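Participant: Pasting in a structure now, in structure tokens, and then I'll have a few things to ask.
The values are calculated or read from the model by the stated rules, or taken from the named source; none is laboratory data. What you see is a predicted model, and the numbers here were worked out from it, not measured in a lab. Here the Cβ positions follow ideal geometry from the backbone for every residue, glycine too, while neighbour counts run over all protein chains shown.
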Amino acid sequence: MKIALAVWQERISPVFDASRSLRVVQLTAEGKEERREEISLDVAYPSQRVTILMNQRIEVLICGAVSAPLTEMISAAKIKVISFVAGEAEAVLAAFLCGELPSEAYTQPGFCGRRRRCRGGRNCQ
């Protein structure tokens, strides 16, 4: 399995649409890390991001916020998107490998669930 994390300064990039770097991690069948590489996302169009993910044979993308149109394009390419993630990239990767992602511990501030946002400091119920 190949997973990709949108990374900026060793943290999950806050907005995938503007991310400039992907950390691609190849896993063995047992879920152990086999190898990793950094891939540039310095492209002009959102569709080029999807092409990069497809060419790399990414199965799971872990990222921060991502626009709805880009999410739809990625999902149409049969790539699972785990979005609105925040935190240190290595900690997020470890949580994913342990089956603990998505998790409140690694959720972007202000995000309360699919297509809902907390507003004005109120807690979502």
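Participant: Sort through V85, V66, V15 and tell me the only one that's under 16 Å from Q108 (Cα atoms), surrounded by fewer than 17 Cβ atoms within 10 Å (Cβ to Cβ) and either at pLDDT 95 or above or among the aliphatic types (A, V, I, L, M) (or both).
Facilitator: Residue meeting the stated conditions: V15.
Participant: Kindly evaluate I79 against the criterion of being over 27 Å from E104 (Cα atoms) and either of a type in the set (S, T, N, Q) or within 15 Å of the chain's Cα centre (by Cα) (or both). If you could, list the steps in order and put the result at the bottom.
Facilitator: Working: over 27 Å from E104 (Cα atoms): no; either of a type in the set (S, T, N, Q) or within 15 Å of the chain's Cα centre (by Cα) (or both): yes.
When the stated conditions are applied, I79 does not pass them.
Participant: On the given criteria, is A4 among the small types (G, A, S) and not in a strand (DSSP E or B)? First the steps, then the outcome.
Facilitator: Values: among the small types (G, A, S): yes; not in a strand (DSSP E or B): no.
No: the conditions fail for A4.
Participant: Pairs needed: first member in the range 41-58, free of Cβ contacts under 8 Å to residues at least 40 places away in the same chain and within 17 Å of A18 (Cβ to Cβ); second member anywhere, part of a loop (DSSP other than H, G, I, E, B) and hydroxyl-bearing (S, T, Y); C-beta distance under 8 Å; at least 6 residues apart or different chains.
Facilitator: Filtered contacts from the range 41-58: L41/S19; P46/S67.
Participant: May I ask you to list the residues in the range 92-108 that are surrounded by 14 or more Cβ atoms within 10 Å (Cβ to Cβ) and either not in a loop (DSSP other than H, G, I, E, B) or not aliphatic (A, V, I, L, M) (or both)?
Facilitator: We begin by selecting, within the range 92-108, every residue surrounded by 14 or more Cβ atoms within 10 Å (Cβ to Cβ); these are 92-93, 95-97, 101-103, 106-108.
Selection gives V92, L93, A95, F96, L97, P102, S103, Y106, T107, Q108.
Participant: For the structure I just gave you, tell me whether I3 is within 18 Å of F84 (Cα to Cα), modelled with pLDDT of 95 or more and out of contact with any helix residue (DSSP H, G or I) (no Cβ under 6 Å at 6 or more places or on another chain). Walk me through how you get there before you give the answer.
Facilitator: Working: within 18 Å of F84 (Cα to Cα): yes; modelled with pLDDT of 95 or more: yes; out of contact with any helix residue (DSSP H, G or I) (no Cβ under 6 Å at 6 or more places or on another chain): yes.
It is true that I3 is within 18 Å of F84 (Cα to Cα), modelled with pLDDT of 95 or more and out of contact with any helix residue (DSSP H, G or I) (no Cβ under 6 Å at 6 or more places or on another chain).
Participant: Let me ask something additional. Could you figure out which of (1) outside any loop (DSSP other than H, G, I, E, B); (2) surrounded by fewer than 17 Cβ atoms within 10 Å (Cβ to Cβ); (3) touching a Lys or Arg at 6+ places or on another chain (Cβ under 9 Å) isn't true of V43?
Facilitator: Of (1) outside any loop (DSSP other than H, G, I, E, B); (2) surrounded by fewer than 17 Cβ atoms within 10 Å (Cβ to Cβ); (3) touching a Lys or Arg at 6+ places or on another chain (Cβ under 9 Å), only one is false for V43: (1).
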